[in-house]
Amino acid sequence: MMEPLLGFARPAWKFFLPLAALAILLGIFVSPWLAIVPAILAGYVLYFFRDPSRKTPGIPNSICSPADGKVVSVVEVPCDDMPEGRALRVAIFLNIFNVHVQRIPVSGQIYRVDRRPGKYMNALNEKCSEENEAVTIWIRSLYGAVGVRQIAGAIARRIVCGIERDDRVVRGDRYGLIQFGSRVELFLPLTANVKVTPGQKVVGGETCLAVLFEEEVRKGLSRDAVQRDPTLQAAG
């Protein structure tokens, strides 16, 4: 998993240290004025790669947001990994001011990691979901299959995914980031009760995006009863 170093995602340091060193050298040996630009860039790198602690929602059967940003769409799409062959897709756009660390939306085990090369079109374009470079992880949870897709955008050119097939994951854990971009999508069973709408801002690891088997929870059914639901015959 991707634990932070001094409160920042670890990839930050390979950008920050050279910029900070350049700013110091320019300030000492050339001119303090010339040191301003690399110093500002070094500060922005730390801001961009900040990795604050988060508290997962205490709602039974809840799916937490895998990323900070703004919900841009909630649509039903074809999906071979769901029992019905379709899924609810919640798309989140990350701007350059959002925290860019991604988090696990639901506890379970990774049964597949799909890495796809592709284009770098604007992440607000719906076509980017199928055409841009992306990494999708599929989690076999207590409640069925859940997928999370990291998508590169026009600026983002580097996707970091810190987990592999068969890894066990816990809701809210850090697992990756998209460096300097861009879009994250969540794939849920059609039975999920989505709690967000387009235009809404969400916080990774904290915002409840959806609840699975909400009616069963209200009726007081046990976890075993939920497990026996036939809709859990997920691919994998």
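The values are calculated or read from the model by the stated rules, or taken from the named source; none is laboratory data. Not measured: the values here are computed from a predicted model. Here Cβ is always computed from backbone atoms with ideal geometry, including for glycine, and neighbour counts include all displayed protein chains.
Taking segment 161-193 only, how many residues are part of a loop (DSSP other than H, G, I, E, B) and either within 21 Å of VAL99 (Cα to Cα) or not assigned by TED's automatic domain parsing to the domain that holds LEU94 (or both)?
Selection size over segment 161-193: 9.
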### Query
Restricted to segment 183-235, and to residues that are modelled with pLDDT of 80 or more and of a type in the set (Lys, Arg), which residue is farthest from LYS127 (Cα to Cα)?
LYS195
#### Entry: Matching residues in segment 96-124 - criterion: being part of a strand (DSSP E or B), touching a residue at least 40 places away in the same chain (Cβ under 8 Å) and touching a Phe, Trp or Tyr at 6+ places or on another chain (Cβ under 9 Å)
VAL101, GLN102, ARG103, GLY108, ILE110, TYR111, ARG112, VAL113
### Summary
ALA39 fails exactly one of (1) farther than 23 Å from TRP138 by Cα; (2) small (Gly, Ala, Ser); (3) assigned by TED's automatic domain parsing to the domain that holds PRO198, namely (3)
### Query
Conditions: (1) over 14 Å from the mean Cα position of the chain (by Cα); (2) over 28 Å from LEU142 (Cβ atoms). GLU76 meets all but one. Number of the miss?
(2)
